[in-house]
Amino acid sequence: MDIGCELKRDKALKIVAKSALPAGEEVVFVGTVANKYDRLQGFNRIFITNKRLLGWYNALGGGAKVYNLSVDLEYLADVVCDPKKETVEFYTRTGVRDMLKGVPASDQELIVQHLGAGRAEPFAGSGIAGETMKQMAAVEKQTAAAAKQTAAAAAAVKKEENRYRSPEQQVAVADGLPDKHAHLFEPLMESIDEAARYAAEDNILLEERALHRGRMMASNAELVQTRVLRWYEARVQKRTRAGEIRRGVELVGVVTKDLLVMNDRIVVGGVCRVMDGDVRASVEVDGQIMKSTRPTMTRMAIGSILPGSALLVGLATAKTKTTDTRRAHFIVVHPKWRITETITSDSAMEANGIASQINAIAEHLQRRETTSPSNTSTTPSLSGEMIKLAELHRAGVLSDNEFTAAKARLLAN
């Protein structure tokens with residue numbers, strides 16, 4: 001066994017005795033390194049066995065032996081030494097390159113000798129041995145050709161997709177729908193068309209359910225960005241302004257991003273509630289605003305000296321800290337359902353204004369229902385008649401014109 005110039009024989013023998021190498025593997029060289037290479041940071045010993053090159057150090061100073069460099073000799077392609085820089089570079093057949101720094105020049109010849117023992121082809125000293133260099137160049141060429149072929153295939157697929165893309169899809173992509181999500185154009189527009197059909201039948205619940213389904217589809221298309229959702233919301237707003245969906249609807253206010261209040265409906269998440277005379281809204285705030293004070297020193301004017309003292313002193317003033325621990329809730333109640341949404345205490349005043357508008361709309365609807373002749377026990381209610389007309393229209397008994405005329409007459413009464 002050869003030993004590096006800076007390592008005493010008795011110490012080397014103790015390290016080898018504790019190395020617990022597998023049977024059939026024996027150390028042929030032990031040396032010291034002052035390695036600073038990132039992947040091998042902390043090495044202070046190298047072992048060369050008859051099978052492997054190993055790196056060793058004491059973990060956390062606790063004396064534990066750790067091998068975190070292990071290179072089989074049969075996979076070494078070349079070893080290059082630089083006595084001036086005290087470095088030993090070794091290359092594997094897979095193209096991996098590592099470096100040992102701080103290797104004494106007197107040890108480098110022994111290291112190359114032991115690493116190259118039994119090799120049919122000696123180390124070339126150029127970084128990669130001859131045949132290995134040819135093999136790696138061929139593999140690199142094949143990899144580049146495969147990458148080029150893959151890119152060409154992807155471009156061909158995209159070109160084919162554009163060729164068979166409908167004019168509507170092309171317009172949608174030009175209008176902001178991401179190119180990779182062009183296939184969502186039809187289902188997204190179908191959700192809006194379905195909402196428009198339910199809006200024509202005055203079926204608010206199914207109208208909002210269709211819009212929510214489209215919104216979820218757009219949201220799930222991209223995990224981070226929201227371009228699909230923004231494109232969808234713009235289409236919804238356009239159809240709303242055209243009077244095709246949410247017809248005659250006015251926005252009362254946005255309480256939270258999940259709670260939208262309109263003059264005839266309240267939408268929370270994917271659930272829609274119809275506004276009627278039984279709806280009541282309020283804002284509840286609990287907790288308190290706490291104020292605490294602590295003394296703080298304020299410097300006096302320069303030159304202000306207390307009598308009998310040469311020290312510049314300060315004045316103790318009270319510093320107030322305000323902590324708002326209040327919690328606010330926006331609550332909408334109905335005999336058949338209830339909505340409770342947590343809001344910030346800072347937005348409580350604005351939310352209270354929205355609640356007041358909800359109550360005013362409900363009172364107006366209640367007075368209209370009470371004073372309407374159709375609210376008598378012998379006359380069917382307005383909403384009941386509207387539902388019957390919608391059912392006859394869906395069944396095909398009434399044409400579009402007949403349905404529109406009948407609805408107009410019913411509303412006029």
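The values are calculated or read from the model by the stated rules, or taken from the named source; none is laboratory data. Fair warning: this is a prediction, and the values are worked out from it, not measured in the lab. So basically every Cβ, Gly included, is an ideal-geometry build from the backbone, and we count neighbours across all protein chains shown. In case anyone asks, the SASA skips ligands and DNA or RNA and just uses the protein heavy atoms, side chains included. Shrake-Rupley method; radii C 1.70, N 1.55, O 1.52, S 1.80 Å.
Scanning region 245-272 for residues that are farther than 24 Å from Glu350 by Cβ and either open to solvent by 80 Å² or more (accessible area, probe 1.4 Å) or at pLDDT below 90 (or both) yields a total of 3.
Summed over region 113-123, the residues that are closer than 16 Å to Val30 by Cβ and within 51 Å of the chain's Cα centre (by Cα) give a count of 1. Checked against the criterion of being open to solvent by less than 50 Å² (accessible area, probe 1.4 Å), modelled with pLDDT of 80 or more, under 27 Å from Glu140 (Cβ atoms) and assigned to a helix (DSSP H, G or I), region 50-68 contains not a single residue that satisfies it. For first residues located in region 195-212 and more than 14 Å from Leu389 (Cα to Cα), partners that are open to solvent by 40 Å² or more (accessible area, probe 1.4 Å) and among the β-branched types (Val, Ile, Thr) and lie 6+ apart or on another chain with Cβ distances below 8 Å form the pairs Ile204/Val274; Leu205/Val274.
Does region 352-369 include one or more residues that are of a type in the set (Asp, Glu), part of a strand (DSSP E or B) and at pLDDT 80 or above? No, every residue in region 352-369 fails to be of a type in the set (Asp, Glu), part of a strand (DSSP E or B) and at pLDDT 80 or above. Region 166-238 holds helices (runs of 4 or more DSSP H) entirely within its bounds, and those carrying 2 or more residues that are surrounded by fewer than 16 Cβ atoms within 10 Å (Cβ to Cβ), touching a helix residue (DSSP H, G or I) at 6+ places or on another chain (Cβ under 7 Å) and on the phi < 0 side of the Ramachandran plot map to 204-221. Condition (residue is closer than 30 Å to Gln366 by Cβ, at pLDDT 90 or above and not aromatic (Phe, Trp, Tyr)) applied to region 216-238: is it met by at least one residue? Taking every residue of region 216-238 in turn, none turns out to be closer than 30 Å to Gln366 by Cβ, at pLDDT 90 or above and not aromatic (Phe, Trp, Tyr).
For region 104-158, filtered to residues that are modelled with pLDDT of 85 or more and open to solvent by less than 40 Å² (accessible area, probe 1.4 Å), the residue that is nearest to Val33 (Cα to Cα) is Pro104.
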